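To keep things clear, I will list the structure first and then write my remarks on it.
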Amino acid sequence: QLRLRACGLTSVPPMAFEISQLSLMDLSRNKLTVIPNVLVLTCERTLKSLFLDHNFIVSLPPEVCNCIALEDLRINSNQISLLPPELGNLRSLTRLDASMNRLTSIPSSISQLDELRILDVSRNLLPSLPDESLACLTSMSDLSLSSNRLDQLPLTLAFMQDLKFLRANGNRISQLKRDIVLLPELTELHLSDNLLTSLPSNCWLKATNLEALDVCGNQLSSVPPEIGELTSLQVLGLARN
């Protein structure tokens, strides 16, 4: 393992290129702006965790996507505006945190990440999501889309039958489809600070695992009475409507 977290680095030290068989590389919380193409050359087949978060990185080298064993990639809190199309090569990836960047799109190749369970793209500039690609992410359990520019949630989220946590606060969403409410494992649904004027009816009683529903800061004048009958519900946010 190579741990160089919060060392004030402005460039990657040469030693990082020389160590082979690494399983974890942590370069988070430094002052890096560029990630060299050869960073992971010696550990493409062994690296499982790569932490580059909280730097000033503007792009992710496509070579990182050659790490066939990579399971956990954290590039949050940088200045990345584009993810490489080679992202789909990371077939072992279970967690991708790309929050707090400048992303305006997600590559369609994300559809190949069929082991992905946690995806965080919150606090970016996304106006939409690649609907058909998301339909392939059937292992997803935790999806964070908050603070983007989304005006709708893709219906293809209904294919995520293992989804437990859905966060889409702070967007421009005006409608919630009942297919999302009917996701069998859904535990938390966060939709505060959007443009919802109503909630779907005749579906909430099937949301038997729902523990938290947050629709604060919308334009709701009423909620379906059946929500009050949810036996698992512990948190219901309705303020600022």
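Here is the P(r) of segment 126-241: all C-alpha pair distances, binned every 5 Å from 0, give 2, 12, 23, 27, 22, 10, 3, 0 in whole percents. Label point of PHE56 set 7 angstrom out along Cα-Cβ; within segment 1-39, amide nitrogens under 12 Å from it belong to 9-11, 30-34. Residue separation of LEU24 and THR231 scaled by 0.36 nm, minus their Cα-Cα distance, works out to 70.3 nm of gained length. Between GLN175 and GLU44, the modelled label-to-label distance comes to 4.7 nm, taking each label 7 Å out from Cα in the direction of the beta carbon. With a Förster radius of 41 Å applied to the beta-carbon distance between SER198 and GLU115, the computed FRET efficiency rounds to 0.65.
Sequentially through segment 110-125, phi angles give Karplus couplings (6.51, -1.76, 1.60; θ = phi - 60°) of 4, 4, 7, 8, 6, 9, 5, 10, 10, 10, 10, 10, 5, 6, 10, 10 Hz, Gly and Pro residues having no value and appearing as x. Counting only aspartates and glutamates at least 8 places from LYS177 when in the same chain, those with an alpha carbon closer than 13 Å to its own are ASP151. About its Cα centre, the dipole of the chain is roughly 560 debye, where the only charges are +1 on Lys and Arg Cβ and -1 on Asp and Glu Cβ.
Roughly what % antiparallel, to the nearest 5, for the DSSP beta bridges in the chain? Intermediate values should be presented prior to the final figure.
Details: 0 of 29 bridges.
That works out to approximately 0 percent antiparallel.
Estimated purely from DSSP H runs of n ≥ 4, each contributing -39500 (n - 2.57), the mean residue ellipticity at 222 nm for the chain is -500 deg cm²/dmol once divided by its residues. The gain in end-to-end length when the ASP151 to ALA239 segment is fully stretched comes to 29.6 nm, 0.36 nm per residue minus the alpha carbon separation.
Just so you know, all these numbers are worked out from the coordinates, no wet-lab data involved. Quantities reported herein were computed from a predicted structural model and do not represent experimental measurements. A quick note on method: Cβ atoms are made from the backbone with ideal geometry, for glycine too, and the neighbour counts reach across all protein chains shown.
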